[in-house]
Amino acid sequence: MYYELSFLKALILTIFIETSVLFFLFKIVFRISGINNWILLLTGILANFATLPYVWFIMPAFVKPRLYYLVISEVSVTALESLIIWGILRTNYTKALIASIVCNTTSFLIGLLINL
C-alpha cells in the first residue's frame, strides 16, 4: 500500500510540475496564443497518466539495473510524451520534443531534490 500511495503523490506532483512547465513554454517561451488553456491542461494530465504508471509498475519488472531503468524510462517517457504533445496541441514536432524534454527534466530534478 505504501508504494501505491507514493505513486499517487508522485503522479499529482508530476502533473502539477509538468503541466506548469508546459503552460510556461507554450504561453511565454514559444508565444503560441492560439492554444486553449483547457487543452494545455488536458495535455499535461493525459501525458502523465499515459506514462507514469508504466514507469512505476511495468518497467521495474523488466529493467533491473537502476541506471538502465532510469535511462530507458526517461528516454521512452520523453519520446511518448512528445508524441502526445505533438498530437494534441498540433504544434511542430521540434517544439513538442523540446517541451517534453524540459518538462521531464524539470520534474526529474525536482524529484531528486525532494528525495535527498
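The values are calculated or read from the model by the stated rules, or taken from the named source; none is laboratory data. Remember, it's a predicted structure, so these values are computed and weren't measured experimentally. Glycine also receives a Cβ, built like all others from the backbone with ideal geometry; neighbour counts cover every protein chain displayed. SASA here: full protein model, heavy atoms, side chains in, ligands and nucleic acids out. Shrake-Rupley method; radii C 1.70, N 1.55, O 1.52, S 1.80 Å.
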Selection status of LEU83, of a type in the set (A, V, I, L, M, F, W, C), free of Cβ contacts under 8 Å to residues at least 24 places away in the same chain, within 25 Å of ASN115 (Cβ to Cβ) and open to solvent by 40 Å² or more (accessible area, probe 1.4 Å)
no
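Please pick out the residue among PHE16, PHE26, PHE7 that is part of a helix (DSSP H, G or I) and touching a residue at least 60 places away in the same chain (Cβ under 8 Å).
PHE26
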Could you check, for the range 52-71, whether at least one of its residues is surrounded by 17 or more Cβ atoms within 10 Å (Cβ to Cβ), among the hydroxyl-bearing types (Ser, Thr, Tyr) and either in a helix (DSSP H, G or I) or in contact with a Ser or Thr (Cβ under 7 Å, 6 or more places away or on another chain) (or both)?
no
Would you check which residues across the range 1-44 are surrounded by fewer than 16 Cβ atoms within 10 Å (Cβ to Cβ) and either aliphatic (A, V, I, L, M) or touching a His at 6+ places or on another chain (Cβ under 8 Å) (or both) and list them?
MET1, LEU5, LEU8, ILE12, LEU13, ILE28, VAL29, ILE32, ILE39, LEU41, LEU42
